[in-house]
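S.K.: The structure's right below; bear with me while I get my questions together.
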Amino acid sequence: MLGQMMQVPLLVSSQIEFAARYHAPVDIVSRGVEGELRRSTWGRTASRARQLANALTRLGVRQGDRVATIAWNTDRHLEIYFAVSSMGAVLHTINPRLPLDQLRYIVDHAEDSALFFDTTFTKLAQFLSQQATPVRHYVAMTDAAHLPDTGIAGLVDYEGFIAGESESFDWPRLDENTASSLCYTSGTAGFPKGVLYSHRSTVLHSYAIALPDALGFSARDTMLPVVPMFHVNAWGVPYAAACVGARLALPGPGLDPPNLVDLIEREKVTCLLGVPTVWHALLAHLQATGKKLTTVKKAGIGGAAVPPRMIQAFESHGVQVLHAWGMTEMSPVGTVNWLLPRHDALSDDEKLALKCKQGRPIYGIDVRIVDDENQVLPHDGKATGHLQVRGWWVVDRYFKRDSDDARHGEWFDTGDIASIDPDSYVQITDRAKDLIKSGGEWISSIDLENAAMSHPAVAQAAAIGVAHPKWQERPLLVVVKAPGKDVTADELQAFLATKIVKWWLPDAVEFVEALPIGPTGKVLKRQLRETFAGYVLEDPPTSTPA
Ligand code: AMP
């Protein structure tokens, strides 16, 4: 017997219309590319999104067409998000930090018909306009007064493009499985792969991440997504914010710590979202200036492991860290770390150790670990294996690729190596391709890095495997010192010996000015391995796998 409830499709248009109807006056504050602070509202965002949909229709953009953006987190980008998907076209957000050959590749692969760009990225737009790409229309996300002289044929300014258009648009009643947006993975070997999200997956993911034991969003929040809208749809925050009617403070290009702190304090931000690299810089700035975060309650941090010292530093500002894990292929959120009631009795150190794990699955995501033969491993907190997931917002197959290269039956292989404890806390120990395998045993580079970063003189650390005649590989630790602090390799080794098992101790420590950071804020291990290829270990190690 079938239920007899309404069949209303899950559509992105329902999110912006809900925000417009029930949270119309709520602010969207945005730092613009010209440095100005602009103020909009959910009501105005919806009206302008409808104007934009009319303008795009006039231009000939039809359902299913791909519309690309190369843009910061701003009010205009938010309007494009809702307009493009709601009208049934597909929003393709492009990461401007990609190398040019990859940029060119994904524009071709996605068959983008129009490109919106912030004037910061004019050179990228010019580059594309000089190639034979499918892009027919270019829109600079600015007004006529700031339209750059580009030589791009037919270039229009955003404000002029939507001016005079009607603020009404009948959003189509699409099949909820219609594609809504497209993001390409980055940092992988070879060319990026496209992940094509649907309206249904986007709406379900929005519900799930807003739940109290996920990222816990509400109409009482002012959210600052530093995570870019060009990286996995800013973790789905724009959509979830519309569903709960949260205030948004969008940082635009102002990602340096003074600008962020100014925006946080001025707009009384309650919730931060971003990768650890951003917060390293912000926390160092706070420490150097003696400034405090006075309004922030929580920080959703993911994309890379959150070191314990970062959790402590945020807590000293009264900020709860929500350590989250996910990936482009998962829209992206899979797990979020909240302690359970029974953990209240743990000591501070025990709690900190637990908070360093990547958290428990949120409703809608199922996780398991398997060995190299795809045999399921126990959730005992000890066994480590390939982390696999399934759920409503997990990729089924990559865009325009026939082989399901990451699928194992119903499960998607994340490429991460993890353990899962009896309470279902997932702990990522490595990327499969970054594993350090010494004498047949795995060394967790994340544990090694976290241990190093708990030393006060270490700002950042990355562990990579270097070839070794006896143990195949041994860890090399590459370290960036904290500003104004000093430590020697021997001192660091002695410190690490108190934190990790002996055979995990790095065979060498190298100090560098900076680590190579990839387009999404992660340390580029591949590049580090290339830099240190052929590295010769001076002292043959005496330590052996246990
Ligand atoms: P991306 O698709 O660019 O978002 O990258 C996803 C990958 O980032 C994951 O597969 C993990 O390897 C890594 N990652 C994301 N969040 C975390 C985290 N909290 N701890 C460790 N690694 C993470």
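Laboratory data are not the source of any read-out in this text; all were calculated from the coordinates shown. The structure displayed is predicted, hence computed values, not measured ones. Because the Cβ atoms are built from the backbone with ideal geometry, glycine has one as well, and the counts that use them run over all protein chains shown.
S.K.: Residues with beta-carbon under 11 Å from that of Pro9, excluding Pro9: net charge, scoring Lys, Arg +1 and Asp, Glu -1? Mind showing how you got there, number by number?
M.R.: Values: positive: Arg173, Arg200; negative: Asp175, Glu176.
Here the charged neighbours net out to 0.
S.K.: While we're here: Tell me which GluC sites (Glu not before Pro) from region 462-515 have a DSSP coil assignment and no more than 16 other beta carbons within 10 Å of their own.
M.R.: Values: sites: Glu473, Glu491, Glu510, Glu513; in loops: Glu513.
Sites meeting the loop and neighbour criteria: Glu513.
S.K.: Sort the chain into rounded, prolate or oblate with this rule: let a ≥ b ≥ c be the square roots of the eigenvalues of the Cα gyration tensor; rounded if a/c is under 1.5, and if a/c is not under 1.5, prolate when a/b is larger than b/c, oblate otherwise. Don't jump to the answer; show the numbers that get you there.
M.R.: On the way: a/c = 1.62, a/b = 1.57, b/c = 1.03.
Prolate, since a/c reaches 1.5 and a/b exceeds b/c.
S.K.: Each residue of region 256-264 in order: what ³J(HN,Hα) in whole Hz does its phi give by Karplus 6.51 cos²θ - 1.76 cosθ + 1.60, θ = phi - 60°, with x for Gly and Pro?
M.R.: Values per residue, Gly and Pro as x: 6, x, x, 5, 5, 5, 4, 5, 4 Hz.
S.K.: Next question, about the same structure. Exactly which GluC sites (Glu not before Pro) in region 1-88 are in a DSSP loop and have at most 10 other Cβ atoms within 10 Å? Could you put the intermediate results ahead of the total?
M.R.: Details: sites: Glu17, Glu34, Glu36, Glu79; in loops: Glu34, Glu36.
Of the GluC sites (Glu not before Pro), the ones in loops of region 1-88 whose Cβ has at most 10 other Cβ atoms within 10 Å are Glu36.
S.K.: Using the Cα gyration tensor of region 266-333, with a ≥ b ≥ c the square roots of its eigenvalues, what is the shape: rounded (a/c below 1.5), prolate (a/b larger than b/c) or oblate (neither)? Intermediate results must be reported in sequence, preceding the final value.
M.R.: Working: a/c = 2.14, a/b = 1.65, b/c = 1.30.
Prolate, since a/c reaches 1.5 and a/b exceeds b/c.
S.K.: A further question follows. List, in order, the whole-Hz ³J(HN,Hα) value for each residue of region 489-500 obtained from phi through the Karplus relation with A = 6.51, B = -1.76, C = 1.60 and θ = phi - 60°; use x for Gly and Pro.
M.R.: 4, 5, 4, 5, 4, 5, 5, 5, 4, 8, 10, 9
S.K.: Moving to a separate point now. Would any residue of region 72-93 have its amide N under 14 Å from a label point 7 Å out along Cα→Cβ of Glu111? List them or say none.
M.R.: Residues 90 fall inside that zone.
S.K.: Oh, and also: Counting alpha carbon pairs within less than 8 Å and at least 6 residues apart, what relative contact order, in whole percent, applies to region 244-383?
M.R.: Averaging sequence separation for qualifying contacts and normalising by length gives 16 percent for region 244-383.
S.K.: Calculated from DSSP H runs of 4 or more alone, at -39500 (n - 2.57) each and per residue, what is the 222 nm mean residue ellipticity of the chain, nearest 500?
M.R.: Numbers: 16 runs with 155 residues, N = 546.
One gets -8000 deg cm²/dmol as the mean residue ellipticity at 222 nm.
S.K.: Would you please name the GluC sites (Glu not before Pro) within region 390-465 that are DSSP coil residues with at most 14 other C-beta atoms within 10 Å of their C-beta? Mind dumping the intermediate values first?
M.R.: Details: sites: Glu410, Glu441, Glu449; in loops: Glu410.
Listed in order of number, the matching sites are Glu410.
S.K.: Cross-link partners among lysines for Lys123, C-alpha distance below 19 Å, same-chain residues fewer than 8 apart left out?
M.R.: none
S.K.: May I ask you to evaluate 6.51 cos²θ - 1.76 cosθ + 1.60, the Karplus curve with θ = phi - 60°, for each residue of region 209-217 and list the ³J(HN,Hα) values in order in whole Hz, giving x for glycine and proline?
M.R.: Taking θ as phi minus 60°, the curve returns 6, 7, 4, x, 8, 9, 8, x, 8 Hz for region 209-217.
S.K.: Follow-up. Under 19 Å Cα to Cα from Lys400, which lysines show up? Leave out anything in the same chain fewer than 8 places away.
M.R.: Once the sequence-local lysines are set aside, what remains near Lys400 is Lys193.
S.K.: What are the aspartates and glutamates whose alpha-carbon lies under 13 Å from the alpha-carbon of Lys297, with same-chain residues fewer than 8 places away excluded?
M.R.: The qualifying aspartates and glutamates are Asp221, Glu265, Glu315.
S.K.: Okay, moving on. Let's test the formula: R0 of 35 Å, r as the Cβ-Cβ distance of Lys433 and Leu352. What FRET efficiency results, to the nearest 0.05?
M.R.: Numbers: r = 29 Å, r/R0 = 0.82.
Taking R0 as 35 Å, the efficiency between Lys433 and Leu352 is 0.75.
S.K.: Roughly speaking, what is the centre-to-centre gap between region 277-352 and region 1-17 when only Cα atoms are used, to the nearest Å?
M.R.: Between the Cα centre of region 277-352 and that of region 1-17, the gap is 35 Å.
S.K.: Could you pull out the pairs from Lys355/Lys382; Lys268/Lys292; Lys437/Lys470; Lys433/Lys525; Lys351/Lys433 whose alpha carbons sit more than 19 Å apart here?
M.R.: Numbers: Lys355/Lys382 17 Å; Lys268/Lys292 12 Å; Lys437/Lys470 12 Å; Lys433/Lys525 9 Å; Lys351/Lys433 30 Å.
With Cα atoms farther than 19 Å apart: Lys351/Lys433.
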